[in-house]
Every structure is written in C-alpha cells, then in structure tokens.
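Take a look at the structure set out below.
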Amino acid sequence: MEFPDSDITAAETDGRALDFCRRSFDVTPFLSKERFSVLSLPRQFDLIWCGSLLTHIDEHAARDLLRFFREHLSHGGVCVVTTQGRHAMEWIERQEVTYGLSENAQQKVLREFRSQGYGYADYTHQAGYGISLVTHERMRQLAADVGGWGETLFWEHGWDNHQDVYAFLDVDGDQVIESDQKRHTREAPDHLRVHGTSRVAASRRPGERGMSRQGYDLQLAR
C-alpha cells in the first residue's frame, strides 16, 4: 500500500518529540494525552497503523485505544496493530527476553496471559506503562467489543519474527466478524489490499526496554 499524497498529522505526548516530527517530516502536530478515552480528532482515516503500543498498556487502556481507532476509521478503512502473544510468552518462560521486567512482574504477565488471555505488568517505577501479552482470541474479543469492524488479517509473530499483526476492516453491520464466528483471517501481509485511499494513520515503535510513556507517538495522516 502506498500513499504518496498523504498529509500526516503527528500526535505525541512529548512536545519536543512532536516538534522534531514537525520539522523533520513536515507533519501537522497534535499534542496528545496519556488517557486514550479522552482523545478525539475532527476527521477519520483510511489507514491506521499502530506498531508496538498495545504491547505496553493494560487491557483497559487497550480497549480505549481500539475504540479511539474505530471511531476515527473511515468507512472501508483498515486498522493495523501489533501485539505480543505466544512467541513473547515463550521467550519470557525461557528467560531469553524478559523485557526489563522484574521476576514478579514476569510471573504476573504469564499468569494473567494463561488464565485471562491478557497479561500485563508495569515496568519498575513506571505505573501504567509496561509489557503486555494477549492471545489471538482475547484480541478478537476486544475488537468485537468495540464493534463495527471485523478481523481481516492475523499474522502470528509476523513483525520482525516477534509481534503478532492484526488488521481490522471497517465493514457494514451484517459483515462484521465477531469473536465467536468463523474466522476469516489471512496469514501474509501481501493479502491485505486497500484501494483509493489517501488518509493514513501510523504510530512509531518505542524502545524495547524501560521507555517512559513519552517515548511513543501516534501519527495520523490524510
């Protein structure tokens, strides 16, 4: 998918990072907030891309973020997000990658992931920002709770052989793929096609360890 004529709006909680994006990428800046439930923009977008943000927030914040994306997705638009799932779980279990979490936090994430489908723990001394793991089924349920869209792609550890990739398509009510219905997922990114769009949303991937809340942004384009 290419959007050569897109106008980008960058949203960021850190004013200095936002100014850097404005100067470096010729974007329109939007000073964001840490609470996704109070975010609002005056337009919708044909493509929303959010890489490695759901991986750092708890389930309540994840639901608010997905709702924000859905409310700002145009009819026929596509929202692409990444999460951490079984692959990351196995890394933590084998102690190959622990994401900067304490031993207690690692066990909390794994325990909740196995029992509830969504595991989360804060980084040390960073309340509300940490590491999350989510199963495919739980992610589908969160998206279904928001409503008005359906899963069109699931690619397990498809991003850098690490994070799971999801695409949710805005569809008519009778076409929505709910979490308990037959899956209509695809397994490779080249299956995903969007035609005739010019408005794009994207997010920058944060660092792997111990990054503050101000270390991510949300970029929106039209």
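The values are calculated or read from the model by the stated rules, or taken from the named source; none is laboratory data. Values in this document were obtained by computation on a predicted structure and should not be read as measured data. As a convention, Cβ positions derive from the backbone with ideal geometry for all residues, glycine included, and neighbour counts pool all protein chains shown.
For region 9-26, the set of residues classified as modelled with pLDDT under 85 and crowded, with 19+ Cβ neighbours inside 10 Å consists of Thr9, Ala10, Ala11, Glu12, listed by residue number. Of the residues making up region 109-132, those that are part of a strand (DSSP E or B) and surrounded by fewer than 19 Cβ atoms within 10 Å (Cβ to Cβ) are Asp122, Gln126, Ala127, Gly128. For Glu156, all conditions in the list (1) among the charged types (D, E, K, R); (2) within 16 Å of Val80 (Cβ to Cβ); (3) modelled with pLDDT under 90 hold save one; what is the number of the exception? The one condition Glu156 does not meet is (3). With respect to (1) in contact with a helix residue (DSSP H, G or I) (Cβ under 7 Å, 6 or more places away or on another chain); (2) surrounded by 19 or more Cβ atoms within 10 Å (Cβ to Cβ); (3) part of a loop (DSSP other than H, G, I, E, B), the lone exception for Ser52 is condition (1). Close contacts from region 115-141, counting a first residue that is under 19 Å from Val80 (Cβ atoms) and a second that is modelled with pLDDT of 95 or more and of a type in the set (Lys, Arg), with Cβ to Cβ under 8 Å and a gap of 6+ residues or different chains, come to Thr135/Arg86.
Residues in region 1-42 that are assigned to a loop (DSSP other than H, G, I, E, B) and either free of Cβ contacts under 8 Å to residues at least 12 places away in the same chain or within 22 Å of Asp64 (Cβ to Cβ) (or both): Glu2, Pro4, Thr13, Asp14, Ser32, Lys33, Glu34, Arg35, Leu39, Ser40, Leu41, Pro42.
What residue, of Ser115, Ser102, Ser132, Ser74, is of a type in the set (Gly, Ala, Ser), in contact with a Ser or Thr (Cβ under 9 Å, 6 or more places away or on another chain) and over 24 Å from Val38 (Cβ atoms)? Of the residues listed, the single one that is of a type in the set (Gly, Ala, Ser), in contact with a Ser or Thr (Cβ under 9 Å, 6 or more places away or on another chain) and over 24 Å from Val38 (Cβ atoms) is Ser102.
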